[in-house]
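Reviewing the structure listed below.
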């Protein structure tokens, strides 16, 4: 079509008067706000972290295995990272298999009517505020764990991991389903023609063909679990420690930031400055996961006509 | 009929097929069960919240400020109280004002940025960078936005732990989602309409103002309301900015630099208190929060449906 060559998005503003040029600059500055936001986040975190590392050595931060910011005695980040990892791995164990199987069911097996009902329900699950998940963990999941495993504390890593797992199921399932649905039917039909069963088509054709999208969904969901705050604060507690017992109380990086934010540590102290160092650590972790996810999607994408 | 003896001796392994079928059935069962996990979890969550809140959610709960004593929240004690009953009123009003301010800010910034990217932006490195940056911002944890708000608005711009600081922080938080959804709405406006407008001699800005925006605004509104319904439930950013937990008077919209409380913050405060009965109070607060969320989503869906029918 000849209209393809007529680009509507360029340079017409030269035609208009002052108002037209002004509009362009106003809209451009709106878009610039997003870039400034990123810059501001980086400046704020790095600036705060520099103040913190003037008092505490980087070596201590990355090698000490004890975190006691309230008494300002030791600032080793590992207990907080460990807590975050416990929650992240636990929630991944819950959400990745469940989310993937849900995606396969919705994409390959469910009839359109079921899909139209189930997808909005899962979207609701994704829209529930995280504070509500925290309450759900405290009032529903932890009591069940306490019945199953007597001696489980009010705050424990397992309840936090389960509830964060539930929270990220919709993310895994909807992004994976998008990837599976975009696998062309010709691939499925070819496999059926070779005598494959539906199970074989789903697991040996569709899943491998959509792998880049599914993996990208996994990484995004894990990144979300790392940054999750309120649910883990309420469910998993405020005790920074390195433990392999999932029923013990722990503290994640985010929960520590909440602890400082609620005023447990006085403003201006080294403990308070640690907020920005922990925030920077969290930001770097989630940002690299997100970039990695994008890279996986681009690198391993299968192109279909 | 010519018979081939070879076909009679064709050895068909029925057990392998049976095993395959069984495996297939087991797999469908597993997939279905997995799908149910999400649905059952949602039902369990809603039932849990409603049963915990049952009997504690009263009109007084909506209209009175919070109390330090859990007895004050119990409707059974209402008659015997020296003070008024305990409730969520200041936080409820705080949340509503917070969302009103956030809506105003995001409407301008979000739609403006989307218009630039869809209608004006040239195909340059800078544009690609802006779009990639927006995608990355959407993945930044909300508590990091809280730190940004604390350092930039509360401290540097000296707004204090105010309604304004909270609203600005929430604006930056949902801006990436608003921009992406507004971009989709603008993209859905057919180019033929833009051409028709240029054909009448309209300038670009006139075209956007008179043709593109009116056509895209229902979609944009749906996106903004859905994003705001995410913002109203956010706790971590307003917590870092310093939302109060025990405000006895609601903030005033005319004084945006006043201190404020908001529902998620108040719920968090109740939920972590040790007295068992505070769980009921927190649940009652959650029911109020979820009801408002539901209403906002209903409005968004109504706008979307009306818009789709017109198409």
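So here's what we get for this one:
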| quantity | calculated |
| --- | --- |
| Theoretical gain in end-to-end length, residue B:36 to residue B:277 [0.36 nm per residue, Cα-Cα removed] | 83.6 nm |
| Three-way shape label, region B:1-156, alpha-carbon gyration tensor, a/c 1.5 | oblate |
| Normalised alpha carbon radius of gyration of chain B [divisor 2.2 N^0.38 Å] | 1.40 |
| Sites residue B:51 and residue A:126, calculated FRET efficiency, Cβ-Cβ separation with R0 25 Å, nearest 0.05 | 0.60 |
| Chain B - mean residue ellipticity at 222 nm from DSSP helices (-39,500 (n - 2.57) per run, n ≥ 4, rounded to 500) | -21500 deg cm²/dmol |
| Helix-only CD estimate at 222 nm, as mean residue ellipticity for chain A, using -39500 (n - 2.57) per DSSP H run (n ≥ 4) | -21500 deg cm²/dmol |
| Binned Cα-Cα distance frequencies in region A:213-277 - 5 Å width, integer % | 4, 16, 21, 20, 17, 12, 7, 2, 1, 0 |
| Contact order normalised by residue count of region B:89-310, Cα under 8 Å, 6+ apart, percent | 30 percent |
| Cα centroid of region B:244-305 to Cα centroid of region A:112-190, whole Å | 24 Å |
| Peptide A:133-145 - average C-beta neighbours from other chains (10 Å radius) | 5 |
| Of A:52, A:155, A:28, the one that fluctuates the most in a GNM where chain A has Cα springs shorter than 10 Å | A:28 |
| Candidates A:292, A:140, A:27: whichever shows maximal mean-square fluctuation once chain A is modelled as a Gaussian network with Cα springs under 10 Å | A:27 |
| Average Cα contact separation per residue, region B:130-230, under 8 Å, 6 or more apart, as relative contact order % | 27 percent |
| Three-way shape call for region B:14-53 based on the alpha-carbon gyration tensor, with the a/c threshold at 1.5 | prolate |
| Likely footprinting exposure, B:61, B:129, fewest C-beta neighbours within 10 Å first | B:129, B:61 |
| Residue of A:109, A:218, A:272 that the Gaussian network model of chain A assigns the largest fluctuation, springs spanning Cα pairs under 10 Å | A:109 |
| Computed over chain A: relative contact order in percent, which uses C-alpha pairs under 8 Å that are six or more apart | 25 percent |
| Rounded, prolate or oblate (a/c below 1.5 giving rounded, otherwise prolate when a/b exceeds b/c) for region A:67-299 by Cα gyration tensor | prolate |
| Cα→Cβ-extended label distance, 7 Å offset, between residue A:302 and residue B:138, nm | 2.5 nm |
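A short reminder: the numbers here are calculations on the coordinates, not readings from a lab. Quick caveat: nothing in here was measured; it's all calculated off a predicted structure. No Cβ is skipped: glycine too gets one built from the backbone with ideal geometry, and neighbour counts run over all protein chains shown.
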